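In what follows, a structure is listed as structure tokens, so that the remarks can point back to it.
The values are calculated or read from the model by the stated rules, or taken from the named source; none is laboratory data. Since we're looking at a predicted model, the values are computed, not measured. Cβ coordinates were reconstructed from backbone atoms using ideal geometry, including for glycine residues, and neighbour counts include every protein chain displayed.
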Amino acid sequence: MTCATACEPVFAEAIATGLFPGAELLAATGGTVRCHQVWGTTGGPGNVPMKKGMVFDLASLTKPLATALLLSCLLDDGRLRLDDPVCNFLPDYAEGQKQRVTIGMLAGHTGGLAAHVPLYEIYKTPEQAHAGLTGMPLSHTPGTETTYSCLGYLVLGDIIQMVTGRSLSDLFDERIARPLHLDGTGYLPLQHGIEKNRIVPTNPDPLRIGVADDGNSRFLGGAVGNAGLFGTARDLLALAMMLMNGGEWNGVRILSRQSAHLHFTNINPPGLIPRTLGWEYRGRDNEGSGGPGVPEGAIGHTGFTGTSLWMDRQSQSVVIILTNRVLLSRRGNIAAMNRFRHQVNGLWLTRSEGKEKPQLPDRSEGKTRTGLLT
């Protein structure tokens, strides 16, 4: 199967029907690229043909690729544990049911927080928003429901910064990007020397190029736990291969094998929708955002801007889809984008016949409130 044969009609139709102005696809197995292609244009200010290596707003891919990776680094350092109560770090969590919330609950989206609150509409300053976030009441009992929560990852980002005394932007550069020689991935791209003409726009305002599309991230400075990371397809492949290779890639160790394994292991209690450290988990009865063609045991995530990354450790396969769909529509094309992702993932994220299914626990039955996966 060639790139052109498999994908040209799919991407051409998506562009023709106004799903997004342009896209980049990278599919690989064992670190060997099977398909790397671009289609369409960037749209927005400038509107130039899409090129390989352009920098995309990754939106909620920030959660697994920045926040969860940095959390893993702190687990390796012995500075945090998944069963640490959040109240050890945030006094506002020392009352009522909030005392039960742990770092692992926030990471697995079972911490009891709502899916989303527009902090930028409620508070006048970032300082007020951070205080309001930590003081926010829970929407349900911790550990009883899986509710995909941007708020939970904002809290995790705050804790990481509190423990280290460093910004997420600096930590990501130091612990992840520089060791792996990622030349286009990080927070605040304009402040890190990425030229504007390399960044794919998500808004028609030229002043918004290189600025996080997510409203809470933008209001809070652009380097937070739920969104704000920018990146390239090649860099995302390196991050995926590092995880599938047990925390090491190209001779550089980023995580211990134990911490890397947590990214492929369900950390949620029995009876709840399974989540790994930062990622969706494709269970027997829980296909997630990857679609029905994604094999059981694969992990992945999406970004509201039109991005996604799914990987299967057993086959060592990765599918990275990068688009800027929000430039054309914020809400009206979400269902079509999900169908498109399912179709593309199903083309490339498959296993050879005869291989065993992974023996990871499936705990997908039970009560769930998913919220909006962004």
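Listed here are the residues, each with its yes/no results for (1) modelled with pLDDT under 95; (2) surrounded by fewer than 18 Cβ atoms within 10 Å (Cβ to Cβ); (3) closer than 18 Å to residue 345 by Cβ.
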| position | (1), (2), (3) |
| --- | --- |
| 8 | yes, yes, yes |
| 16 | no, yes, no |
| 69 | no, no, no |
| 82 | no, yes, no |
| 88 | no, yes, no |
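The residue of the stretch 259-272 that is farthest from residue 83 (Cα to Cα), among those that are touching a residue at least 60 places away in the same chain (Cβ under 8 Å) and either in a helix (DSSP H, G or I) or among the charged types (D, E, K, R) (or both), is 260. In the stretch 121-149, what residues are in contact with a helix residue (DSSP H, G or I) (Cβ under 7 Å, 6 or more places away or on another chain) and assigned to a helix (DSSP H, G or I)? Scanning the stretch 121-149 gives 122, 126, 129, 130, 132, 133, 134. Being free of Cβ contacts under 8 Å to residues at least 12 places away in the same chain and more than 20 Å from the chain's Cα centre (by Cα) is the requirement here; does residue 9 meet it? Considered against the rule, which asks whether it is free of Cβ contacts under 8 Å to residues at least 12 places away in the same chain and more than 20 Å from the chain's Cα centre (by Cα), residue 9 comes out as yes.
Look through the stretch 41-67, keep the residues that are within 22 Å of the chain's Cα centre (by Cα) and among the charged types (D, E, K, R), and return whichever of them is surrounded by the most Cβ atoms within 10 Å (Cβ to Cβ).
Filtering first and then ranking leaves 57.
Tallying residues that are under 30 Å from residue 243 (Cα atoms) and among the acidic types (Asp, Glu) within the stretch 1-51 yields 2. Consider residue 239 carefully, then state whether it is more than 30 Å from residue 16 (Cβ to Cβ), touching a helix residue (DSSP H, G or I) at 6+ places or on another chain (Cβ under 9 Å) and not in a loop (DSSP other than H, G, I, E, B). Criteria met by residue 239. I'd like to know if the stretch 211-223 contains one or more residues that are on the phi > 0 side of the Ramachandran plot, in contact (Cβ under 8 Å) with a residue 24 or more places away in the chain and either crowded, with 22+ Cβ neighbours inside 10 Å or among the charged types (D, E, K, R) (or both). Taking every residue of the stretch 211-223 in turn, at least one turns out to be on the phi > 0 side of the Ramachandran plot, in contact (Cβ under 8 Å) with a residue 24 or more places away in the chain and either crowded, with 22+ Cβ neighbours inside 10 Å or among the charged types (D, E, K, R) (or both).
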